[in-house]
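Take a look at the structure below.
The values are calculated or read from the model by the stated rules, or taken from the named source; none is laboratory data. Bear in mind the structure is a predicted one, so any value in this text is a computation, not a measurement. All Cβ positions, even for glycine, are placed from backbone atoms using ideal geometry, and neighbour counts span all protein chains on display. Remember, those area values only see protein heavy atoms, side chains included, never the ligands or the DNA or RNA. Shrake-Rupley method; radii C 1.70, N 1.55, O 1.52, S 1.80 Å.
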There are 2 protein chains.
Amino acid sequence: MDKLSLNKHISSSFNEEIAEIRSHVMAMGGLLEQQLNNALKAIINADAQLAKAVIDTDLKVNDWQLQIDKECTSIIVKRQPAASDLRLVLAIMKAITDLERIGDETRRIARAALESFNSEQQELLLNLDNLGRHVGQMLHDVLDAFARMDVETALLVHKEDKKIDREYEVITRQLMTYMAENPHSIPKVMNVLWSARSIERIGDRCKNLAEYIIFFVKGKVVRHSSAEQLEQEIRI
Amino acid sequence: MDKLSLNKHISSSFNEEIAEIRSHVMAMGGLLEQQLNNALKAIINADAQLAKAVIDTDLKVNDWQLQIDKECTSIIVKRQPAASDLRLVLAIMKAITDLERIGDETRRIARAALESFNSEQQELLLNLDNLGRHVGQMLHDVLDAFARMDVETALLVHKEDKKIDREYEVITRQLMTYMAENPHSIPKVMNVLWSARSIERIGDRCKNLAEYIIFFVKGKVVRHSSAEQLEQEIRI
């Protein structure tokens, strides 16, 4: 076998293995979309059983992270990828860390769902649900972008996070006003506030995922760039 | 040059480069210890100028992360490290992500320090200061353990996080009681509550750092292990 065909062979093995790893990332991502969805349903419908299911299923999320992390380390050792191949493996390793932390946040929301709320407090939950759906869409979009390594969609997700931050601030103010008027409800409403924070953090994680896509495609770390800088940088 | 001496040569270049990267991680860690310290000082002494300095200095933390991340990618491409050498590089890449996020939390604490508190609220800050010092010690210890890749200290830090969580719960309850008694103070006291949360999260990050040390030395991912499992696993 000459050198070129050996390289080709190595490269095609790399491609097969990385395709499998990527399909695992997608499976992990799909599971997290479902977890977020269920955690929100649980808190809105006061469904303790569903909340417990979300908490239990987080173990599966953790298993995915451990498995994919191992697969990535092994592909670096075996295939010694360079340049863009290595960037892809490193982007995946970073992505699964954020996905696992999204799992932690959904578990926190599910825990808050074990609390029972009166009808007035139920109304406060509606805005939480809206915020959650918005972030759920972001998560869906960024996973889709990750599957296709699509920078344009990544950029849109990155921008969307600013809107999430504003929605989150509105909810925070609303909840603080409610607490001021109903001081006895503070411990209960704090659970809603932590859940809102968790959802907002999931938005941050989606933004991180968008950055890894840009890192992979453009070879640039954009973690600390503003939206305008980012737009400029990826257009070059 | 025969193969062995070539390997030796490669390995010694790797050692020199990795030593430099490690010294950068230590510099970044030292900066973060100082940032946490100053953020706490700023909030306790209502020192807006110091708070602003902490916020500005966070840019330096970000620069460190970008630089070290680049150095790690480059050493993987150039030196193609295997086994424990690769584990070390990957552990460093994970560690700097957590260190950078510790920077984000110190910036959040510094922002809360721009708020002014009355003398009664000042008393609430004392517990925050205690929690902050406790976590500051954890950060110091885990950085020290990272410098020496010392599993025993890493294990102690890992255990310490449980204590932080308990202290944090006590503070949360105390702050909620205060808010219930002084509903008009809710927005202000929420800043203290967010700061307590930030400190608690820094504790979580220190725990992550401890896990990377164990990952490097023992070659085992212990992210989702309980304290008892962990103790057993690293004794094997």
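The set of residues in the range A:168-190 that are within 22 Å of the chain's Cα centre (by Cα) and surrounded by 19 or more Cβ atoms within 10 Å (Cβ to Cβ) comprises A:Tyr168, A:Ile171.
Applying the condition of being touching a residue at least 12 places away in the same chain (Cβ under 8 Å) and basic (Lys, Arg) to the range A:32-64 and asking which residue is nearest to A:Arg133 (Cα to Cα) yields A:Lys52.
Here the condition is being over 21 Å from B:Asn15 (Cα atoms) and within 12 Å of chain A (Cβ to nearest Cβ); of B:Arg101, B:Arg111, it holds for B:Arg101 alone.
With the structure loaded, tell me whether B:Arg107 is in a helix (DSSP H, G or I) and closer than 19 Å to B:Asn208 by Cβ or whether it fails that test. When the stated conditions are applied, B:Arg107 passes them. Select from the range A:201-210 the residues that are away from every other protein chain (no Cβ under 12 Å) and open to solvent by 10 Å² or more (accessible area, probe 1.4 Å) and list them in ascending order. Residue satisfying the conditions is A:Lys207 alone.
Filtering the range A:171-183 to residues that are within 7 Å of chain B (Cβ to nearest Cβ) and not hydrophobic (A, V, I, L, M, F, W, C) leaves only A:Pro183.
To keep it simple, each residue is scored yes or no on (1) closer than 22 Å to A:Asp141 by Cβ; (2) at pLDDT below 90; (3) small (Gly, Ala, Ser).
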site	(1), (2), (3)
A:Lys3	no, yes, no
A:Ile10	no, yes, no
A:Ser13	no, yes, yes
A:Val25	yes, no, no
A:Gly29	yes, no, yes
A:Gln49	no, no, no
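Note on the range B:133-152: among residues that are in contact (Cβ under 8 Å) with a residue 24 or more places away in the chain and more than 12 Å from the chain's Cα centre (by Cα), the one that is surrounded by the most Cβ atoms within 10 Å (Cβ to Cβ) is B:Ala145.
None of A:Ala210, A:Ala154, A:Ala196, A:Ala227 is more than 18 Å from A:Leu36 (Cβ to Cβ) and at pLDDT 95 or above except A:Ala154. The residue list A:Ala95, A:Ala53 contains one member that is touching a Phe, Trp or Tyr at 6+ places or on another chain (Cβ under 7 Å), under 30 Å from A:Ser195 (Cα atoms), in a helix (DSSP H, G or I) and away from chain B (no Cβ under 11 Å), which is A:Ala95.
Count of the range A:75-92 residues, restricted to those that are assigned to a helix (DSSP H, G or I), open to solvent by 10 Å² or more (accessible area, probe 1.4 Å) and within 8 Å of chain B (Cβ to nearest Cβ), is 3.
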